[in-house]
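Reading through the structure tokens given below for one structure.
The values are calculated or read from the model by the stated rules, or taken from the named source; none is laboratory data. Remember, it's a predicted structure, so these values are computed and weren't measured experimentally. We place every Cβ from the backbone using ideal geometry, glycine too, and count neighbours over all the protein chains shown.
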Amino acid sequence: MSNLRGEPADRPLENPGHHASDAGVTVPADTFRGDGEPTDPQPELPRTLRSLAIRTDYSDQALWDGFRAALTALDDDLEPGSYLHVLDDHAFRTLSAVEIEAFARGNEDHPYLMLFDREAMTSPEHLVLVLDLSEEPGSTFRVPASDLATVEANLFLANMDFSDFVEAADENNIYRAP
């Protein structure tokens, strides 16, 4: 297994220690920042108790609106006030996963990130990139948007380690919930 930079992912595993009483993936409108205009030229990660997802693809607003609505529809059974905070900030539009990993590494608030990049927006299954920042920084896997709630909840509650998802991913590095 290797990380985003192609280096061996042989660092010791750590438990990020994030725990919560319940978690899910709901995307209420008030968690989105941005109105289509660039904001801060120096992007910052918000301090939040929720899992963080970053939008990096701004090529099709209508597609994004549909994707966001689909994410919200995935957890009708969950109560409002999710644990997924979506950062919709144009300051991240030119950053690659490698750059975001380097920028965010060591951030104690976010041991992992989910990226809504070009592939997540355009692939038929909306394959969201999940990026490790603590266990094996730079390690990644993709997850269909339909399984994102499962991955987010298990990472947030520390029911599973990031490496558990990487190991369970298929030959294309895609994790599909059983």
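A few remarks follow.
- Within segment 123-153, considering residues that are modelled with pLDDT under 90 and polar (S, T, N, Q), the one surrounded by the most Cβ atoms within 10 Å (Cβ to Cβ): SER134
- Counting residues in segment 156-174 that are among the polar types (S, T, N, Q) and at positive phi gives one or more.
- Of the residues making up segment 140-178, those that are of a type in the set (Ser, Thr, Tyr) and closer than 18 Å to MET121 by Cβ number 2.
- Members of segment 129-159 found to be of a type in the set (Phe, Trp, Tyr) and outside any strand (DSSP E or B), listed by number: PHE156
- Scope segment 68-122; condition of a type in the set (Asp, Glu), surrounded by fewer than 15 Cβ atoms within 10 Å (Cβ to Cβ) and modelled with pLDDT of 85 or more; matching residues: GLU99
- Residue match in segment 92-109 (condition: within 15 Å of PHE67 (Cβ to Cβ) and of a type in the set (Ser, Thr, Tyr)): no
- Looking across segment 51-72, the residues that are touching a helix residue (DSSP H, G or I) at 6+ places or on another chain (Cβ under 8 Å) and not in a strand (DSSP E or B) come down to THR56, ASP57, TYR58, SER59, ASP60, LEU63, TRP64, PHE67, ALA70, LEU71.
- Condition met for PHE165 (out of contact with any helix residue (DSSP H, G or I) (no Cβ under 8 Å at 6 or more places or on another chain) and either over 22 Å from ARG55 (Cβ atoms) or part of a helix (DSSP H, G or I) (or both)): no
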